[in-house]
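Let me begin by presenting the structure, written as structure tokens, before commenting on it.
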Amino acid sequence: QVQLVESGGGLVQAGGSLRLSCAASGSRANINSMGWYRQAPGKQRELVATITSGGSTNYADSVKGRFTISRDNAKNPVYLQMNSLKPEDTAVYYCNAAVWTVITGTVNYWGQGTQVTVST
């Protein structure tokens, strides 16, 4: 079991910045990757950024050049630095951990979400 807690959301003006944090606890040894997803009202949850256990990163096209995913030297917490925020970035942001074992395959764990609101 993995527990994830997000923090750092809030209200910011367009062009501003926020940094989200995700703290993981529990059985972290088999986490293959972590990432951030977001869900805007009336839309499906979408990938924002991921980082693998080896440090490789991937980003949605909509956030490339503006957002950066990173982790500390203990691989916990994971951060999402969001710069040049746009109103369309407004969403609930969820931390994700993908855990792989030979028994379960890949199992995804999710945090409770943190609201990011970008005003014009």
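Tabulated values for the structure
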quantity: The chain: C-alpha pair distances exceeding 22 Å, %; calculated: 29
quantity: Estimated distance in nm for a label pair at K64 and R28, the labels positioned 7 Å out from Cα along Cα-to-Cβ; calculated: 3.1
quantity: Low-density loop positions, trypsin sites (Lys or Arg not before Pro), segment 42-120 - DSSP coil, at most 11 other Cβ in 10 Å; calculated: K43, K64
quantity: Segment D72-S53, length gained on full extension (0.36 nm per residue, minus Cα span); calculated: 5.7 nm
quantity: Solvent accessible area, Å² - L11, 1.4 Å probe, full protein context; calculated: 130
quantity: Average accessible area per residue (Å²) across segment 24-120 - probe 1.4 Å, nucleic acids and ligands excluded; calculated: 53
quantity: Per residue, the convex hull volume that the Cα atoms of segment 2-67 enclose (Å³); calculated: 116
quantity: Carbon plus sulfur fraction of accessible area for the chain, probe 1.4 Å, in percent; calculated: 48
quantity: Sequence-distant residues sharing a close amide H with K86 (under 5 Å, placed H); calculated: G15
quantity: Ranked order, S70, S56 - accessible area, probe 1.4 Å, largest first; calculated: S56, S70
quantity: P(r) histogram, all alpha-carbon pairs of segment 76-120 included - 5 Å bins from 0, percent; calculated: 5, 17, 20, 19, 14, 11, 7, 5, 2, 0
quantity: Phi-based couplings in Hz for segment 36-51 (Karplus 6.51, -1.76, 1.60; Gly and Pro marked x); calculated: 10, 10, 9, 9, 8, x, x, 10, 7, 5, 10, 5, 10, 7, 9, 9
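The values are calculated or read from the model by the stated rules, or taken from the named source; none is laboratory data. Only a predicted model underlies this, so the values are computations on that prediction, with no experimental measurement involved. Neighbour counts are summed over all protein chains in view; Cβ atoms, including those assigned to glycine, are modelled from backbone coordinates with ideal geometry. When the accessible area is computed, the model is the full protein with side chains, heavy atoms only, and any ligands, DNA or RNA have been set aside. Shrake-Rupley method; radii C 1.70, N 1.55, O 1.52, S 1.80 Å.
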